[in-house]
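The values are calculated or read from the model by the stated rules, or taken from the named source; none is laboratory data. If you're wondering where the values come from, they're calculated on a predicted model, not measured in any experiment. Here the Cβ positions follow ideal geometry from the backbone for every residue, glycine too, while neighbour counts run over all protein chains shown.
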Amino acid sequence: MNGKHLNTIILLLASCFLLQFAAAAADDEAMAKQYANEPPSPEALIKLGETLEKMSDPINTRAERECFRSPSKIKGTPCVNAFVEKLNATYGTGSFEYLEQMVFIRYTGAHYKRAIAEFPNSPLASQAAYLYLIKNLIGHPEHVLPQIRDYTARYKDGEWGRKGRLLWARINEDIWWIHRKWSWVLYNWKLSDEELIVKAEPYRQEALRTFLELAEKDGRAEEGLAARGEYELLKAYKDDGKLYGIVNESDVKGTLALPGHE
C-alpha cells in the first residue's frame, strides 16, 4: 500500500468518525430538548442532566468554532457568554457557566439540584444528590470534605450510599496524594518530609479505614470490590492514578479539618 492510498484511508476513517460524532451530538441534543420539555420529574431531570453532561464536548467545540474561528463581529468572551445565555434559555437558568480562565463551558448540575429540591422524598433523590455532589468537588478540603460527610450522613443505604462512602475514601486519598506530590506548592519547600507525613497520614488512614469497612460490609457490590483493590494499593503507599476531586491542588493549604471528625 503506497502513501497516497494510506492517506486516503486515514481521511475516510476520520470523516466517518466526525460524522458519527456529529450524529451522536445531534441525537443527544434532541433527547435533551425532549427531557427539557417534559413535565418536571426526578427521572426527567436526572436524564436531562446526564444528557447535558454528555453534550459538553460538542458544546465546547461549537462555541470555539463560533467564537474564536469564525469571522463574526463578536468574538472571544462576549461571544461565549452570549452562547451560554442561549443554552440557558433552552435548558434552564444556570444550566451552564463559562469558566473564562479555563476557556471551558461547564454544565453546573442545576437539574440534579432541582430534583433534590423539588422531589426530596423520591427514591431517586440519593442519585440526584450524588450526581450533584461530584460536580462540586473542587477546592480546599475544609470545603469539600463536609459536603461528602453531609451526603453520607443523609444517604446511608443502597447503591448511592455505597458510592458516597467510596467517594469519601477516595477524596481522603486524593488529599494524601496532593500532600505527597505538591508539597513544594503547598508549603514552599518549608516543611520537612517528616512534617509532611504528619500532615498527610491522617487522610491516608481515614481512606484505608473506609475502604476496608466498605470491602468487608459490601464486598460483593461493585463499590466493595473497588474498595478492596484500592485498599491494597493504598496499604502499599500506592494509588490508582486518578484524582476524584480537589483538582485545584494549589488551593490545598493545610489539614485543619481532620478526616473522620465532626
Residues that are over 30 Å from Ala236 (Cβ atoms) and touching a residue at least 40 places away in the same chain (Cβ under 8 Å), drawn from segment 125-173: Ala125, Gln127, Ala128, Leu131
Hits in segment 88-107 - residues which are touching a Ser or Thr at 6+ places or on another chain (Cβ under 7 Å) and either over 21 Å from Ile134 (Cβ atoms) or buried (at least 18 other Cβ atoms within 10 Å of the Cβ) (or both): Asn88, Ser95, Phe96, Glu100, Tyr107
Residue list for segment 128-173, filter: surrounded by fewer than 17 Cβ atoms within 10 Å (Cβ to Cβ), of a type in the set (Lys, Arg) and assigned to a helix (DSSP H, G or I): Arg154
Pair list, Cβ under 6 Å, 6 or more apart: segment 28-42 residue surrounded by fewer than 18 Cβ atoms within 10 Å (Cβ to Cβ), other residue modelled with pLDDT of 95 or more and of a type in the set (Val, Ile, Thr): Met31/Thr51
Check on Glu97, charged (D, E, K, R), more than 20 Å from the chain's Cα centre (by Cα) and either at positive phi or at pLDDT 90 or above (or both): no
Among the candidates Tyr244, Tyr203, Tyr231, residue that is outside any helix (DSSP H, G or I), among the hydroxyl-bearing types (Ser, Thr, Tyr) and modelled with pLDDT of 80 or more: Tyr244
Subset of segment 59-75 [in a helix (DSSP H, G or I) and at pLDDT below 90]: Arg69
Breaking point among (1) at pLDDT below 90; (2) in contact with an Asp or Glu (Cβ under 7 Å, 6 or more places away or on another chain), for Thr51: (1)
Glu50 in the same structural domain as Ser95 (by TED's automatic domain parsing), acidic (Asp, Glu), under 19 Å from Lys135 (Cα atoms) and assigned to a helix (DSSP H, G or I): yes
